Amino acid sequence: MEAETSEGNNTAPLSAATATATASKRKMIMVAIDESEESFYALNWALDHLLNNPSYIITLINVQLPFSPMVYPAGPVVFAAPTVVEAVRKSQHENATRILSRALLLCKQKMVKAETLILEGDPKDKICQAADELHVDLLVVGSRGLGKIKRAFLGSVSDYCAHHVHCPILIVKPPKEHPKSS
């Protein structure tokens with residue numbers, strides 16, 4: 001990922017010294033957003049408690065799982081037609097856009113400017129990778145509150161990020177009366 005300036009029509013990569021100077025003035029907070037109410041609760045919490053400083057830059061990230069064009073029925077391997085693959089990818093992008101539009105609306109209501117980022121891959125890995133590449137100062141993620149058994153089978157994005165990301169992380173748990181998504 002390359003940082004760019006946008007003065008006039010001239011866009012040029014920032015030098016390392018300029019990027020460091022800019023990074024020291026502005027704090028970057030990344031909030032991971034998916035379709036769960038828990039992730040939106042985490043965003044709302046961050047907007048209410050952290051993002052009251054105009055020098056903060058907020059990046060909303062949504063990671064879509066990659067579509068596998070191979071289908072494994074009981075018989076031989078079947079490949080999905082290119083039109084099916086394209087339709088699924090288009091649907092995934094529309095879903096990510098819808099999710100991030102909802103998140104941007106929350107930011108706009110709180111008068112916070114935000115950037116969005118849509119990635120494809122394993123959410124656990126891609127969130128950590130993006131946080132490292134963008135030199136994020138804080139990663140905010142929601143927690144679904146899975147029990148130990150469900151977490152062992154389904155995995156936990158927040159738990160993985162807590163152990164693998166190279167920046168501080170804030171895991172926002174929903175209030176006890178908040179319904180848990182499955």
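Below are the figures for this structure:
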quantity	calculated
Complete set of residues in segment 55-108 that are at pLDDT 80 or above and outside any helix (DSSP H, G or I)	Y56, I57, I58, T59, L60, I61, N62, V63, Q64, L65, P66
Residue satisfying all of: in segment 118-138; touching a helix residue (DSSP H, G or I) at 6+ places or on another chain (Cβ under 7 Å) and touching a residue at least 60 places away in the same chain (Cβ under 8 Å); least open to solvent (accessible area, probe 1.4 Å) among these	I127
Residue selected from segment 40-54 under the condition open to solvent by 40 Å² or more (accessible area, probe 1.4 Å) and assigned to a loop (DSSP other than H, G, I, E, B), by the criterion farthest from P175 (Cα to Cα)	P54
Residue list for segment 78-115, restricted to those being more than 24 Å from M28 (Cβ to Cβ) and among the charged types (D, E, K, R)	E86, R89, K90, E94, R98
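The values are calculated or read from the model by the stated rules, or taken from the named source; none is laboratory data. The model shown is predicted, which means the values in this text are computed figures rather than measured ones. Don't worry about glycine lacking a Cβ; one is built from the backbone with ideal geometry, like all the others, and counts go over all protein chains shown. We work out accessible area using only protein heavy atoms, side chains counted, and drop any ligands, DNA or RNA first. Shrake-Rupley method; radii C 1.70, N 1.55, O 1.52, S 1.80 Å.
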